[in-house]
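Quick notes on the structure that follows.
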Amino acid sequence: MSGQKNINPAAIWAEMIHEFGDDHGPLTPKLSNAFNENPYSLMWHVSWFKFAGKMIGRKDRTLVFDPLEGLGGWTVACETGNVVAVLPSGDSYEAVRSAWPDEKIIFEKNSEILMSAENEFGGIVSFDIDSTRSKEDWNVFFADAASVLVAGGVVVAGGVGSTLSTALKETAATNFKHVFMFGNGQHHPCISPVDAVIVVAC
């Protein structure tokens, strides 16, 4: 562990930067706005997806709820392999798909069908970026997630908010045997701001 303290933070992202290359198409509307208006917030959110991918590891198939117009799914795919990225209903499927031509990512719009499949995914990623989910929303999410994971699958979920840590840990523990909490004021190189909370459940 002591050796990790000396790692240059830029080196952590080097693999993603290399893989990003020159293949990406024009930025989609929300991403373009985020880069211009609130780049720090965007980098926080990207770091959450990076952390999620690291926690899940190499899997045959990972389900990502992606509010970042493809950037979230792509970030996870760099770490895990094949990803099914679910876009919010307001996002343009065609624009996002053309901006992210990576064969490892399949984009979908219907999360209900995906969440009804049994033993389908090795990992699931979902972040409440807009801080709108209630405890009941999280209850439904973790119950659904438990049913679609393969044995040994991992769920990574979270967001920002002072009351989120209790809600996330309690609801995840209802459906998963092991629940680990990160952030919540603890220093972590991939989790900012300080009130961000992420749980890893398996």
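Identify, by number, the condition in (1) in contact with a helix residue (DSSP H, G or I) (Cβ under 7 Å, 6 or more places away or on another chain); (2) modelled with pLDDT of 90 or more; (3) open to solvent by 10 Å² or more (accessible area, probe 1.4 Å); (4) of a type in the set (Asp, Glu) that Glu19 doesn't meet.
(2)
Search segment 130-156 for residues being under 16 Å from the mean Cα position of the chain (by Cα) and at pLDDT below 90, and hand back the single one that is most open to solvent (accessible area, probe 1.4 Å).
Restricting to residues being under 16 Å from the mean Cα position of the chain (by Cα) and at pLDDT below 90, the top hit is Asp130.
For segment 56-72, how many residues meet the condition of being farther than 16 Å from Val148 by Cα and at pLDDT 95 or above?
Going through segment 56-72 one residue at a time, the tally reaches 0.
With segment 26-90 as the region, which helices (runs of 4 or more DSSP H) entirely inside it contain at least 3 residues that are open to solvent by less than 20 Å² (accessible area, probe 1.4 Å)?
The helices (runs of 4 or more DSSP H) meeting that bar are 39-56, 71-80.
Consider Ala173 carefully, then state whether it is without any contact (Cβ under 8 Å) to a residue 40 or more places away in the chain, open to solvent by 20 Å² or more (accessible area, probe 1.4 Å) and more than 16 Å from the chain's Cα centre (by Cα).
Considered against the rule, which asks whether it is without any contact (Cβ under 8 Å) to a residue 40 or more places away in the chain, open to solvent by 20 Å² or more (accessible area, probe 1.4 Å) and more than 16 Å from the chain's Cα centre (by Cα), Ala173 comes out as yes.
The values are calculated or read from the model by the stated rules, or taken from the named source; none is laboratory data. Just so we're clear, the structure is a prediction, and the values are computed from it rather than from any experiment. Here the Cβ is made from the backbone with ideal geometry for all residues, glycine too, and neighbour counts use every protein chain on show. These area figures cover heavy atoms from the full protein model, side chains too; ligands, DNA and RNA do not enter into them. Shrake-Rupley method; radii C 1.70, N 1.55, O 1.52, S 1.80 Å.
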